[in-house]
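Visitor: Below you will find the structure I want to go over with you.
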Amino acid sequence: MLITLADIRAAHARIAPAAVRTPLIELDLDRLKPFGIKQPAARIFLKDESAQPIGSFKLRGAYNKIAQLTPEQLQRGVITYSSGNHAQGVAYSARALGSKAVIVMPSNAPQVKREATEALGAEIVLVGNASSDRKLKAEELEAAHGYTMVPPYDDPAIIAGQATCGIEILQQCQQVDLVLSPVSGGGLLSGVSIGIKLAAEDAHIAAPKVYGCEPEVAADAKQSFDTKTLTEWSAAETTRTLCDGLRTQSLGALNFEHILAFTDGIVTVTEAEIRLTTRIILDATNIVAEPSGAITLAAALFHADELPPAKTIVAIVSGGNIDPNLRAELEAELLTTNL
């Protein structure tokens with residue numbers, strides 16, 4: 001069953017004590033010149049979800065879900081499975097609402113995300129690298145201890161929470177023609193797609209196109225979208241990408257339903273393009289983007305011919321929890337670029 005505009009507006013009010021209305025920042029296209037990139041014809045705005053208290057959009061969905069639990073459920077505690085940003089969203093929300101959080105994480109989760117999750121008071125359980133491994137372990141612990149599951153994406157409350165990002169984009173930039181969202185499990189893309197389309201319809205304005213952006217080496221969502229059949233890739237395939245937040249092996253079933261109904265397309269981006277764009281954002285803006293968040297700008301800069309024509313583009317920077325070692329590497333590369 002698809003969520004409604006009323007669900008999204010209720011979520012927006014519900015998350016107000018925790019999530020912030022993140023800024024929309026126009027990219028200075030002249031800052032692209034040192035990188036030898038052809039200046040795009042469109043104006044490009046970055047929706048900076050790294051400005052959330054946990055540095056990621058994931059707070060929206062997690063808080064919306066946990067804020068609706070009963071006192072008894074909060075007392076027993078919540079559990080989830082996540083490589084990092086959703087883990088922090090659940091940990092932050094649980095602490096704010098007086099509940100215990102248990103997080104099942106893959107052993108290859110970035111240390112910065114694991115430490116941030118632990119700092120928020122969560123209990124960490126480590127498993128193998130496959131997204132299926134952590135889901136199975138979380139379900140096992142849920143059954144054993146009576147925790148309430150807070151899924152990372154395949155849940156109506158999570159989708160409604162992420163959809164609030166789409167509502168904000170339309171409020172901040174009604175002239176937007178194209179919105180670009182990262183896609184992994186599909187929580188953000190499904191939410192933003194339905195939020196923008198329903199809000200535009202309600203406001204009697206033309207809805208922008210919404211496209212998902214995915215690593216070329218972890219393109220299960222694009223394959224699913226193009227074939228209209230939910231497809232799963234192996235962990236060995238999806239873990240090849242630099243984007244640790246985009247390594248989920250398959251879209252969620254409910255997310256896929258929303259994406260088929262409201263998303264206009266999905267494009268893939270190479271690892272080299274993602275890395276370069278992460279570096280560009282560090283140099284050209286005041287935003288610190290992790291690779292999973294930089295992928296949307298990479299799509300706008302390098303794959304315009306695969307996207308619909310647009311005068312104004314909003315690229316969602318989904319998070320800023322970049323690995324410190326990677327950031328140091330990119331900043332060293334910037335010194336070479338700027339010489």
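Visitor: Return yes or no: is Ile259 in contact with a His (Cβ under 6 Å, 6 or more places away or on another chain) and part of a helix (DSSP H, G or I)?
Guide: Against the criterion (in contact with a His (Cβ under 6 Å, 6 or more places away or on another chain) and part of a helix (DSSP H, G or I)), Ile259 does not qualify.
Visitor: If you scan region 147-198, which residues turn out to be in a helix (DSSP H, G or I), within 24 Å of Val217 (Cβ to Cβ) and of a type in the set (Ser, Thr, Tyr)?
Guide: Once the filter is applied, which keeps residues that are in a helix (DSSP H, G or I), within 24 Å of Val217 (Cβ to Cβ) and of a type in the set (Ser, Thr, Tyr), region 147-198 yields Ser190, Ser193.
Visitor: With without any contact (Cβ under 8 Å) to a residue 40 or more places away in the chain and not in a helix (DSSP H, G or I) as the only criterion, which of Thr229, Thr248 stands out?
Guide: Result: Thr229 is the single residue among Thr229, Thr248 that is without any contact (Cβ under 8 Å) to a residue 40 or more places away in the chain and not in a helix (DSSP H, G or I).
Visitor: OK, next. Of the conditions (1) within 17 Å of Arg31 (Cβ to Cβ); (2) touching a Pro at 6+ places or on another chain (Cβ under 9 Å); (3) crowded, with 18+ Cβ neighbours inside 10 Å, Asp283 clears all except one; give me its number.
Guide: Failed condition: (3).
Visitor: Ok, one more. Output the residues belonging to region 102-123 that are in a strand (DSSP E or B) and touching a residue at least 24 places away in the same chain (Cβ under 8 Å).
Guide: Residues satisfying the conditions are Val102, Ile103, Val104, Met105, Pro106.
Visitor: Let me ask another. Got a sec? Which of Asp177, Asp244 is crowded, with 20+ Cβ neighbours inside 10 Å and not hydrophobic (A, V, I, L, M, F, W, C)?
Guide: Asp244
Visitor: Still on this structure, I have one more. Give region 12-46 a look and list any residue that's crowded, with 21+ Cβ neighbours inside 10 Å, touching a Phe, Trp or Tyr at 6+ places or on another chain (Cβ under 9 Å) and under 17 Å from Ile196 (Cβ atoms), or say none.
Guide: Thr22
Visitor: Restricted to region 73-101, and to residues that are modelled with pLDDT under 95 and outside any helix (DSSP H, G or I), which residue is farthest from Arg14 (Cα to Cα)?
Guide: Per the stated criteria, the residue is Ser83.
Visitor: For Glu139, only one of the following conditions fails: (1) of a type outside the set (A, V, I, L, M, F, W, C); (2) surrounded by 24 or more Cβ atoms within 10 Å (Cβ to Cβ); (3) part of a helix (DSSP H, G or I). What is its number?
Guide: Among (1) of a type outside the set (A, V, I, L, M, F, W, C); (2) surrounded by 24 or more Cβ atoms within 10 Å (Cβ to Cβ); (3) part of a helix (DSSP H, G or I), Glu139 violates only (2).
Visitor: Given the options Pro215, Pro208, name the one that is over 18 Å from the mean Cα position of the chain (by Cα), over 23 Å from Ile79 (Cα atoms) and surrounded by 21 or more Cβ atoms within 10 Å (Cβ to Cβ).
Guide: Pro208
Visitor: Which of the residues spanning region 280-339 are polar (S, T, N, Q), assigned to a helix (DSSP H, G or I) and more than 23 Å from Pro53 (Cα to Cα)?
Guide: Once the filter is applied, which keeps residues that are polar (S, T, N, Q), assigned to a helix (DSSP H, G or I) and more than 23 Å from Pro53 (Cα to Cα), region 280-339 yields Thr336, Thr337.
Visitor: Now for a different question. If you check every pair at least six apart or on different chains, which have Cβ atoms under 6 Å apart with a residue in region 28-48 that is under 19 Å from Ile316 (Cβ atoms) and in a loop (DSSP other than H, G, I, E, B) first and a residue that is small (Gly, Ala, Ser) and at pLDDT 95 or above second?
Guide: Qualifying pairs under 6 Å: Ala42/Ala310.
The values are calculated or read from the model by the stated rules, or taken from the named source; none is laboratory data. These figures come from a predicted structure and were not determined experimentally. Don't worry about glycine lacking a Cβ; one is built from the backbone with ideal geometry, like all the others, and counts go over all protein chains shown.
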